[in-house]
1. If amide hydrogens are placed 1.01 Å from N in the peptide plane, which non-local residues have theirs closer than 5 Å to the one on residue 94?
2. In a GNM of the chain with a 10 Å cut-off on Cα contacts, which of 346, 129, 231 has the highest mean-square fluctuation?
3. Using +1 at the Cβ of each Lys and Arg and -1 at the Cβ of each Asp and Glu in region 160-381, identify which of 293, 201, 380 lies farthest towards the dipole's positive end.
4. What's the longest piece of the chain with no exposed GluC sites (Glu not before Pro), counting a site as exposed if DSSP puts it in a loop and it has at most 16 other beta carbons within 10 Å?
5. Neighbour counts of other C-beta atoms within 10 Å: give me 188, 158 arranged from fewest to most.
6. Which log10 I(q)/I(0) values does the chain give at q = 0.06, 0.10, 0.14 Å⁻¹ under the Debye formula, counting every alpha carbon as one identical point scatterer?
7. What are the ³J(HN,Hα) couplings of region 74-85, residue after residue, when phi is run through the Karplus curve with 6.51, -1.76, 1.60 and θ = phi - 60°? Round to Hz, x for glycine and proline.
8. Treating only the Cβ atoms of Lys and Arg (+1) and Asp and Glu (-1) as charged, compute the dipole magnitude of the chain about its Cα centre; round to the nearest 20 debye.
Amino acid sequence: MNETTSAPENSRAFSDAEYHARLEAVQARLRERGADFLLADSFEHLGYITGFMPGGSMYQVAIIPATGAPVMILRGLDEPTFVEQSWVGDYVCFSDLEDPTDVLRREVTRRGWDGKTFAVEMDSHHLPVWRHESIKAALPGARFIDFSRVLWEMRIRKSAREIAYLREAARIADAAMMAAIDEAGQGKGERDVAAALYATAIREGADNGRMALIAGGRRSNSLHGALGHHVLDAGDILHVESIPAYRGYSARLMRSTIVGDPDPNTAAAAQQLVDLQERQFAEMRPGVPACDVDRVLRQGVIAAGLRERYENTTGYTIGFLGALRTSDFTRCFLPTADWVLEEGMVFHMYGGARGMAFSDTVLVTADGHERLTKVERRLFVR
């Protein structure tokens with residue numbers, strides 16, 4: 001066990017006061033559900049509560065009590081990073097020769113917690129079935145309850161500092177997008193465009209590894225396709241999604257670029273798509289049902305003949321994300337969405353048709369919306 005001295009607060013993403021407020025909110029939920037502890041292992045939630053974002057090579061977990069201070073079980077190799085990033089003073093390191101479950105069992109037993117009730121994030125990417133079963137076997141006297149979705153729901157409305165980080169991520173996304181568009185042109189490859197985007201995002205302050213989705217030519221409607229080797233030719237549409245993150249907070253936008261002058265039908269379709277999405281944005285304000293916002297774009301695209309059917313979401317939650325989860329679907333815009341918009345929510349709103357896609361990061365404000373990404377909303381020509 002270690003007791004750390006505090007790292008300089010400016011090395012952390014948030015103030016101790018904000019972290020403590022988050023902890024207290026989680027603890028209130030634990031008490032409501034009759035749990036003594038939470039085993040928090042989702043990377044997003046470790047970062048949200050403790051400030052520490054570990055790697056995924058080995059299991060690392062925070063034991064969050066219903067009252068009192070957390071305990072972090074972490075890989076010894078990550079100790080310097082933990083001390084730099086986290087406000088949590090009570091932590092236990094394990095070596096790569098140890099099984100993290102054994103270390104968890106040892107600490108729970110040593111602290112007299114082995115007969116308690118533990119809430120577990122059953123929706124965590126970092127708690128596979130075999131790990132969950134091994135934890136239950138290691139703590140046979142404990143009771144386990146499901147805590148899925150609770151923290152995701154708590155994180156939907158963003159604080160002022162979170163919104164500031166999202167604004168910075170949006171600024172980086174804008175700069176990176178324009179670098180990609182400016183690099184595009186006949187004879188340029190997808191990787192030339194990607195190199196321009198990545199270099200700009202890194203220079204501007206992005207701190208994530210994956211910062212773009214790019215596809216050109218016949219693949220331009222493959223919004224989640226792998227980066228290829230296509231060389232742009234006249235008439236090709238280039239799809240770019242700029243997805244940098246700042247302090248772990250991701251903003252993103254999509255724009256389409258055509259090589260050479262577009263034919264009238266393509267130009268008209270692009271403008272229709274942009275106009276429909278502008279109407280959708282105009283509906284975004286507190287108290288409005290999400291299904292009403294969704295309907296504007298979904299039905300509008302079909303009515304305009306841009307698509308025969310529209311089966312994907314038209315927007316989803318965006319904010320603090322880990323490496324394994326590139327999107328947060330805690331809230332999605334669908335015809336069946338029965339939730340309402342609230343001030344402080346932030347979404348990635350997107351629409352696509354005919355090989356083109358346009359999207360932006362949008363904040364719900366007290367009386368409407370604000371588009372955080374600022375790149376001009378049009379079909380670019382190069």
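What follows draws every value from the coordinates through simple rules; no lab data is involved. Being a predicted model, the structure only gives us computed values, none of them experimental. All Cβ positions, even for glycine, are placed from backbone atoms using ideal geometry, and neighbour counts span all protein chains on display.
1. Correct list: 74, 75, 76.
2. Maximum fluctuation in the GNM of the chain, among the listed residues, is at 129.
3. 201
4. Values: sites that count: 98, 308, 311, 342, 343, 376.
No qualifying site falls inside 99-307, the longest such stretch.
5. Numbers: 188 19, 158 22.
Listing 188, 158 from fewest to most nearby Cβ atoms yields 188, 158.
6. Here log10 of I(q) over I(0) equals -0.27, -0.71, -1.16.
7. Per-residue couplings from phi come out as 9, 5, x, 4, 8, 4, x, 5, 4, 4, 6, 8 Hz.
8. The calculated dipole for the chain is roughly 480 debye.
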